[in-house]
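Okay, structure first, notes after.
The values are calculated or read from the model by the stated rules, or taken from the named source; none is laboratory data. As the structure is a prediction and not an experimental result, all values here were calculated from the model. For neighbour counting, all protein chains shown are included, and Cβ atoms are generated from backbone atoms with ideal geometry for every residue, glycine included. All accessible areas refer to the heavy atoms of the entire protein, side chains included, with ligands and DNA or RNA removed. Shrake-Rupley method; radii C 1.70, N 1.55, O 1.52, S 1.80 Å.
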Amino acid sequence: MRRFVLWVWLILMTAPDVGAADEWKLPPEKTTLRPGPGREVVLGQCLPCHSADYVTSQPPMVRAAWLASIEKMRSKYAAPIPTNSVALLADYLTAQYGKPDPGP
Amino acid sequence: MGGLISGRIQGKETYDLPFENGVRELVQYPQKRPLIRLTSRPPQLETPMAVFNEGVLTPNDAFFVRYHLAGSPPSKAMLEGDAFRVSLAGAVGKPLEMTVAELVRRFEVVEVTAVNQCSGNGRGLFLPRVSGGQMGNGAMGCARWKGVRLADVLKSAELSAGARQVSFDGLDRPPTPGVPDFVKVLEMDQALDPDVLLAVEMNGEPLPWLNGFPLRLVVPGHYGTYWIKHLHRITVLDSEYKGYWMDPAYRIPDDPCAHVAPGTKPRRTIPIGRFNVRSFITSHPEGGVVRAGEMVRVRGIAFDGGAGIREVTFSADGGRNWQGAELGRDPGRFGFREWTVDWQPGGKGERVLWAKATNRLGESQPLEPLWNPAGYMRNVVESVKVRVA
């Protein structure tokens, strides 16, 4: 019996990996967010529902456009972002992934 | 407009999409070759343009991937064997529920060659830029889809007299209950169109996991938003469906060209529907080099929303002169139509190559891009700049 168990163990350990396990496993997330004030808010309130590349792949946007995105996430996608976090979030996104408002 | 393998990020190859902030990693996913990764949770992968030069059928391992909700893709346990069942209920006399094996046993199995294209294909090229998935033009592909006709399944369930619409829900799930589930709707006349399939195979193989295994809706000529993956619930409705992914999402300006003045909002919108006419040069990447005086074979693809392609013309001088391309084998009115043209570049220097398709209704492509705030339905004549050396 012990010998049988050993054989099963050997077969399991040495059987060629045909990729059966990998076929159902996704590669890890890798994108990280730039450091800056407000980063923790993004980590805590945006990234539970999507990966960071949803943020980092956007074109550079002005603060009003980031605010519109935040508002869409709150009103349409139930993002639990408290009202008093919105300004900090918009500041971070504009500073790290945005662009300044066009001049007058 | 091409895009090139351009460098490496942390040891991985990258692909440079031709717009600001367009550098992406090439990442290998299950059953896929390395593709352009837009996002990882949920996964969104784009096909490199050079793949479309391999043939008019896009290989399964290169076919683009687009999910909406972080509870995607569904796990193996939810999809394999008898665990997966599709149901048809609502305004019908005889509701159904069956496995995929039962579905293909019970109904006639048919095949259609059709393009699937993301509504936002080419969104990254919009100017002014718009927020959303920032893709180049690789969120499209053409495959042979095999499955059963939705119409046959609907009829076997005995539609009620008041049946108006049909809704489709897949097993991709929202990350939290407050996020709207991804449900799409077809009007009854669309749902009864014999070209609409419940597909189980793609290019002769079971659907890849990331393309909807084991069952997806195929709506030839229509944007991918309707092609629900991991389709498990079909509901016949006797009233008009109200839901986020039909309204306000995936809507276009109610205008024949689905556009508004750049930076403005449409006054009225309608759900996005059929593809407009598009064509691409696939044989030459942006920045490619050709020899002066030698005959060059330029190749590409064209498609539309189901009328079929009538003509493709080619220009190597910014539209001053056009020459007709030769069309390849007709794949049916929903597929990529290959075209080729022999071009002899004269003097050395840069040339801007254009291809422009016209369908059998006489609809074509604009020379200037049309804009809408969601970045949908791009179909401007695309250009590829090459150098004659």
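Distance between the C-alpha centres of the stretch B:188-212 and the stretch B:349-387: 29 Å, rounded to the whole angstrom.
Only helical DSSP H runs with n ≥ 4 go in: add -39500 (n - 2.57) per run for chain B, normalise by residue count and round the 222 nm mean residue ellipticity to 500 deg cm²/dmol. Could the numbers behind the result be given before it?
Details: 4 runs with 22 residues, N = 389.
One gets -1000 deg cm²/dmol as the mean residue ellipticity at 222 nm.
Computed from phi, the 3J(HN,Hα) profile of the stretch B:342-352 under the Karplus parametrisation 6.51, -1.76, 1.60 (θ = phi - 60°) reads 9, 10, 10, x, x, x, 6, x, 7, 10, 9 Hz, with x in place of Gly and Pro. Cross-linked pairs A:K76/B:K184; B:K184/B:K229; B:K146/B:K184: Cα-Cα separations exceed 19 Å for B:K146/B:K184. Annotation note: trypsin sites (Lys or Arg not before Pro) in the stretch B:40-117 located in DSSP loop regions with a Cβ neighbour count of at most 15 within 10 Å are B:R85. For B:A89, the shell of other residues with beta-carbons less than 9 Å away shows a net charge of 0, using +1 for Lys and Arg and -1 for Asp and Glu.
Taking Cβ atoms as reference points and 13 Å as the exclusive limit, the residues near B:G55 contribute a net charge of +2, counting Lys and Arg as +1 and Asp and Glu as -1. If you sort A:C49, B:C118 by accessible surface, 1.4 Å probe, largest first, the order is A:C49, B:C118. Its Cα gyration tensor gives the stretch B:198-343 an equivalent ellipsoid, and the semi-axes of that ellipsoid, as √(5λ) in whole Å with the largest first, are 36, 23, 13. Kirkwood radius for the protein assembly as shown, taken over all pairs of different Cα atoms as the inverse mean of 1/r, rounds to 24.2 Å. Translational diffusion of the stretch B:278-388, estimated by Stokes-Einstein from the Kirkwood radius over alpha carbon pairs at 37 °C in a medium of 0.692 mPa s, is 227 µm² per second. Annotation: aspartates and glutamates with alpha-carbon distance below 18 angstrom to B:K242 (same-chain offsets under eight excluded): B:D169, B:D181, B:E187. Between B:R164 and B:R105, the FRET efficiency from the beta-carbon distance, with R0 = 30 Å, is close to 0.50. A Cα-only calculation for the stretch B:4-65 places Rg and Dmax at 11.4, 34 Å. Determine the percent antiparallel among the DSSP beta bridges restricted to chain B, to the nearest 5. Bridges in chain B that DSSP calls antiparallel: roughly 95 percent.
Of the GluC sites (Glu not before Pro) found in the stretch B:174-260, the ones in coil according to DSSP and having at most 16 other Cβ atoms within 10 Å of their Cβ are B:E240.
On the basis of the beta-carbon distance and an R0 of 25 Å, B:D82 and B:D189 show a calculated FRET efficiency of 0.15.
Taking the Cα centre of the protein assembly as shown as the origin, how large is its charge dipole in debye, to the nearest 20, when only Lys and Arg (+1) and Asp and Glu (-1) carry charge on their Cβ atoms?
It comes to approximately 700 debye.
Inter-chain Cβ neighbour count for A:31-38, averaged per residue, equals 1 (cutoff 10 Å, partner chain atoms only). Taking each residue in B:127-135, count the Cβ atoms of any other chain within 10 Å of its Cβ, then average. What number comes out? For peptide B:127-135, the averaged partner shielding equals 4.
For A:A95, neighbours were defined as the other residues whose beta-carbon sits under 12 Å from its Cβ, and their charges (Lys and Arg +1, Asp and Glu -1) total +3. Quick note on the stretch B:266-332: its Rg to Rh ratio, both from C-alpha atoms and Rh being the Kirkwood radius, is 1.08. Too long at a 30 Å Cα-Cα cut-off: which of A:K72/A:K99; A:K30/A:K72; A:K72/B:K94; A:K30/B:K76? From A:K72/A:K99; A:K30/A:K72; A:K72/B:K94; A:K30/B:K76, over 30 Å: A:K72/B:K94. Its alpha carbons give the stretch A:31-104 an Rg and a Dmax of 11.5, 38 Å. Residue ranges B:308-316, B:149-157 sort as B:308-316, B:149-157 when ordered by packing (mean number of other C-beta atoms within 10 Å per residue, highest first).
Rg over Rh of chain B, using C-alpha atoms and the Kirkwood radius, what does it come to?
Values: Rg = 21.2 Å, Rh = 21.7 Å.
Using Cα coordinates only, the ratio equals 0.98.
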